[in-house]
Amino acid sequence: MKKIQDILKERIMILDGAMGTMLQRYKFAEEDFRGNRFKDWPYPLQGNNDLLTLTQPEAIAEVHRKYFEAGADIVETNTFSGTSIAMADYHMEDLVYELNYESAKIAKLVAEEFTKREPNKPRFVLGTMGPTNKTASMSPDVNDPGFRAVSFETLRVAYKEQVEALLDGGVDILMVETIFDTLNAKAALFAIEEVKQARNIQTPVMVSGTITDASGRTLSGQTAEAFLISITHIPLLSVGFNCALGAKQLVPHLDAIAVRTEAAISAHPNAGLPNAFGAYDQTPDQMAEQIREYLDKGLVNIIGGCCGSTPAHIAAIAELVKDYKPRKFIYSDTEEVQL
């Protein structure tokens, strides 16, 4: 199968859209999240989307299938909250390995099904690693600014467990995403490199930060350029941004990093900004039209969708990018380099 690094030199690749948005359409109730296995679990489980890998695996496979059918080259595993830190909310820390392993296996089986059907368009599985629900850089207590709810070492250990399970399950790529605190991301990247070195493997790594508001900074206070510099000590397949903002609002931040890295540039923005009810109103055509600016400016190599995006949004984006060449890999402002 052709390597993703080679495909990126030829064309813009399509990442999938939102898993959570699609799972909401099933209107799963508490009993659906529990299934038979967890029917007597002593804590509420509704909202634990990662658990649906074990209790509703057919739904997870169907979401992956719909995104591949829409034109996605890459789908993300259902593991955004797949660390012991995040799973502690549901008292399910002991299930972390299984959740990640099974999520990877489900996605891999669907990817292989589509690759077999279209060998000239190989499909890839991306093991997604979310930011956790704690931050290592800042105190959650305004009265105790020196307090930290989580340490770098705790994050490293938690991420290492997730990485090992995702790799055992067969993912092709790993992505640390929706990064609001770069110190959390550094722990994840350290864990990834630790596992890669121990296994003597070269799994590609993607990094995707999130600009939280109009200030143009991450939650931990970094500009797009500072964020990029903070992670460039790690060899990366791609760097980019996702979530928090719609496609239009991401343009200046992608612009800022696109001329400063030899890695590929990725973007998977929200389908616009949420309305008063927290829903996303941007249609597939509207989202694709905003993403056209990325393409006209030659900013991206990988494009997909985050909150509010669906297979229809991905299909519109996939159709749009057919007419465009991928961003050239540039180091400094003049020298073109290879992946």
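Below are the figures for this structure:
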{"item": "Residue that is farthest from residue 67 (Cα to Cα), among those in the range 290-303 that are touching a Phe, Trp or Tyr at 6+ places or on another chain (Cβ under 9 Å) and in a loop (DSSP other than H, G, I, E, B)", "result": "298"}
{"item": "Spans of helices (runs of 4 or more DSSP H) in the range 1-58 with at least 2 residues among the charged types (D, E, K, R) and farther than 30 Å from residue 322 by Cα", "result": "30-34"}
{"item": "Answer residue from the range 140-193, given it is free of Cβ contacts under 8 Å to residues at least 40 places away in the same chain and of a type in the set (Phe, Trp, Tyr) and is farthest from residue 219 (Cα to Cα) among those", "result": "190"}
{"item": "Residues that are out of contact with any helix residue (DSSP H, G or I) (no Cβ under 6 Å at 6 or more places or on another chain), crowded, with 19+ Cβ neighbours inside 10 Å and either assigned to a helix (DSSP H, G or I) or modelled with pLDDT under 95 (or both), drawn from the range 60-86", "result": "86"}
{"item": "Pairs, first under 20 Å from residue 161 (Cβ atoms) in the range 199-211, second part of a helix (DSSP H, G or I) and among the small types (Gly, Ala, Ser), C-beta under 9 Å, six or more apart", "result": "207/185; 207/188"}
{"item": "Filter result (in contact (Cβ under 8 Å) with a residue 40 or more places away in the chain and part of a strand (DSSP E or B)) within the range 270-289", "result": "none"}
{"item": "In the range 109-139, the residues that are at pLDDT 95 or above and hydrophobic (A, V, I, L, M, F, W, C)", "result": "109, 110, 111, 114, 124, 125, 126, 129"}
{"item": "Test set (1) free of Cβ contacts under 8 Å to residues at least 60 places away in the same chain; (2) surrounded by 24 or more Cβ atoms within 10 Å (Cβ to Cβ); (3) in a loop (DSSP other than H, G, I, E, B) - residue 127 fails condition number", "result": "(3)"}
{"item": "Verdict on residue 149 being surrounded by 22 or more Cβ atoms within 10 Å (Cβ to Cβ) and not basic (Lys, Arg)", "result": "no"}
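Okay, residues lined up against (1) buried (at least 21 other Cβ atoms within 10 Å of the Cβ); (2) modelled with pLDDT under 95; (3) out of contact with any Asp or Glu (no Cβ under 6 Å at 6 or more places or on another chain):
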| position | (1), (2), (3) |
| --- | --- |
| 141 | no, yes, yes |
| 161 | no, no, yes |
| 165 | yes, no, yes |
| 175 | yes, no, yes |
| 185 | yes, no, yes |
| 191 | yes, no, yes |
| 194 | no, no, yes |
| 197 | no, no, yes |
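The values are calculated or read from the model by the stated rules, or taken from the named source; none is laboratory data. On a predicted model such as this, the values are computed, not experimentally measured, just so you know. Glycine gets a Cβ as well: all are built from the backbone with ideal geometry, and neighbour counts include every protein chain shown.
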